[in-house]
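Report on the following structure.
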Amino acid sequence: PSAFDLIIVGAGFYGATIAERAAELGKRVLVLDRRPHIGGNAYSENESETGIEVHKYGAHLFHTPNEAVWNYLNRFTSFTDYKHRVYTSLRGQVYSMPINLGTICQFFGRQMSPDDARRLVAEQAAEMADRIPSNLEEKAISLIGRPLYEAFIRGYTAKQWQTDPRDLPEYIITRLPVRYNFDNRYFNDRFEGLPVDGYTAIFEKMLSSPNISVALKTDYFALRDTIPKTIPVVYTGAIDRFFDFSHGELGWRTIDFETEVLHTGDFQGTAVMNYADESIPFTRILEFRHFNPERDYQTDKTVVVKEYSRSASKLDEPYYPINTPSDKEKYLKYKQMSENEGNVFFGGRLGTYRYLDMHQAIGAALKSFESEIAPRLKAQQE
Ligand code: FDA
């Protein structure tokens with residue numbers, strides 16, 4: 001490690017962005033990842049039997065309102081014109097998500113104008129009147145009324161959290177988007193698409209500089225003691241682990257994926273089908289071929305992945321921060337400790353205990369590179 005100017009723990013979007021920027025400055029960078037591949041959670045691979053690109057850690061849809069991030073990423077890939085849409089299965093019917101005028105008309109069985117629908121939802125939400133919601137269910141009813149809540153939110157949320165929504169805190173949801181028009185695009189962002197050659201190719205390109213060395217299957221903690229204290233480290237692993245869990249573990253939810261190759265050319269006609277019924281144990285089914293309709297995939301087989309959500313133990317992949325008040329308190333303590341680690345920069349979703357979309361991870365990395373890391377690397381020279 002002493003031959004490098006910068007060590008980066010984690011080859012996800014945060015780490016890869018910092019590595020690429022530092023290599024551009026002529027710095028020698030070592031990127032470590034304990035997994036056997038680059039790309040972090042955005043990693044994808046072609047399923048061996050069908051060649052269909054599968055996002056190994058859950059569906060990854062790229063979208064951003066941030067033109068600087070969009071332009072930056074376009075140096076390493078071009079994007080298809082894929083626009084994400086999500087449907088939900090409920091009691092044998094299919095509705096479009098997020099809840100929009102089409103969903104509302106279909107659910108209540110009649111044509112409504114935007115104002116009719118607004119009035120109806122407001123009347124139904126009035127059930128909560130001036131009561132302050134004390135749990136997730138009450139909060140959701142105060143936002144969209146009981147019928148829509150019970151149909152589209154209750155079962156799905158119960159499965160996501162493996163908890164009755166009446167026992168979940170109200171602060172988990174601050175808003176439930178309802179669109180009073182027929183727009184069923186999932187994202188509102190100006191820029192959206194999927195990488196033409198897949199996600200992993202982006203990382204191969206970002207890390208292709210001869211100034212960058214990548215060590216896979218390498219855990220930072222196995223090397224930590226051999227790294228001279230003078231070399232700056234960008235750490236995108238879990239912040240609680242960095243400090244040996246001294247204030248306890250931060251809570252995460254994880255997902256179990258059940259992948260199957262089916263002998264049909266098209267299983268569900270769309271990429272993502274949510275399952276709102278509580279009696280169905282999985283939360284959704286992904287059918288990966290539909291992310292890339294422009295590709296020439298074989299038409300007699302398809303890959304589907306069922307997702308099951310549950311809370312994570314230390315051995316599981318951490319996916320979504322749970323963020324209870326006690327988690328928040330612990331995180332603040334770790335954050336304070338991290339401020340005393342002069343030469344270690346904490347970043348990314350695990351390093352800051354935050355859910356970050358890809359564009360946010362890249363945006364945060366570009367910003368931290370400019371404001372903190374580049375100045376430190378330049379100071380090294382002097
Ligand atoms: P990321 O987790 O990608 O990378 C961190 C890396 O550090 C990992 O590869 C890990 O192995 C490595 N590491 C950790 N500890 C280490 C150690 N001790 N030693 C060595 N290496 C170590 N975003 C979006 O924009 N659109 C989407 O549709 C989705 N979908 C989505 C689905 C699911 C299920 C999840 C969980 C997340 C998403 N995301 C998303 C978010 C996206 O995955 C996220 O923005 C990026 O992964 C963030 O990149 P990071 O580099 O911060 O972390």
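The values are calculated or read from the model by the stated rules, or taken from the named source; none is laboratory data. Quick caveat: nothing in here was measured; it's all calculated off a predicted structure. Glycine also receives a Cβ, built like all others from the backbone with ideal geometry; neighbour counts cover every protein chain displayed. Protein only, heavy atoms only, side chains kept; ligands, DNA and RNA dropped before computing areas. Shrake-Rupley method; radii C 1.70, N 1.55, O 1.52, S 1.80 Å.
So here's what we get for this one:
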read-out	value
Every residue from region 31-71 that is of a type in the set (D, E, K, R) and under 17 Å from residue 304 (Cα atoms)	45, 47, 49, 53, 56
Region 95-114 - residue that is out of contact with any strand residue (DSSP E or B) (no Cβ under 8 Å at 6 or more places or on another chain) and touching a residue at least 12 places away in the same chain (Cβ under 8 Å) and, of those, least open to solvent (accessible area, probe 1.4 Å)	104
Residue check, residue 333 surrounded by fewer than 20 Cβ atoms within 10 Å (Cβ to Cβ) and at pLDDT 95 or above	yes
Odd one out for residue 261, checked against (1) surrounded by fewer than 16 Cβ atoms within 10 Å (Cβ to Cβ); (2) touching a strand residue (DSSP E or B) at 6+ places or on another chain (Cβ under 6 Å); (3) within 30 Å of residue 73 (Cα to Cα)	(3)
Odd one out for residue 92, checked against (1) farther than 12 Å from residue 185 by Cα; (2) touching a residue at least 24 places away in the same chain (Cβ under 8 Å)	(2)
Failed item, numbered, when residue 103 is tested on (1) over 30 Å from residue 191 (Cα atoms); (2) assigned to a helix (DSSP H, G or I)	(1)
In region 69-94, residue most open to solvent (accessible area, probe 1.4 Å) [restricted to those that are closer than 30 Å to residue 17 by Cα and hydroxyl-bearing (Ser, Thr, Tyr)]	78
Filter result for residue 334 (under 30 Å from residue 29 (Cα atoms) and touching a helix residue (DSSP H, G or I) at 6+ places or on another chain (Cβ under 9 Å))	yes
Hits in region 351-382 - residues which are at pLDDT 95 or above, open to solvent by less than 30 Å² (accessible area, probe 1.4 Å) and away from the ligand (no atom under 15 Å from the Cβ)	374
Answer residue from region 16-54, given it is within 25 Å of the chain's Cα centre (by Cα), in a loop (DSSP other than H, G, I, E, B) and of a type in the set (A, V, I, L, M, F, W, C) and is farthest from the ligand (Cβ to nearest atom) among those	52
Members of region 1-15 that are within 14 Å of the ligand (Cβ to nearest atom) and either touching a strand residue (DSSP E or B) at 6+ places or on another chain (Cβ under 7 Å) or part of a strand (DSSP E or B) (or both)	1, 7, 8, 9, 11, 15
Of all residues making up region 106-142, the number that are over 22 Å from residue 275 (Cβ atoms), in a helix (DSSP H, G or I) and not polar (S, T, N, Q)	16
Residues within region 176-209 that are open to solvent by 60 Å² or more (accessible area, probe 1.4 Å) and in contact with a helix residue (DSSP H, G or I) (Cβ under 8 Å, 6 or more places away or on another chain), tallied	3
Cross-chain or 6+ apart pairs with Cβ under 7 Å, region 49-71 first and among the polar types (S, T, N, Q), then within 16 Å of the ligand (Cβ to nearest atom)	64/70; 64/189; 64/191; 64/359; 66/359; 66/363
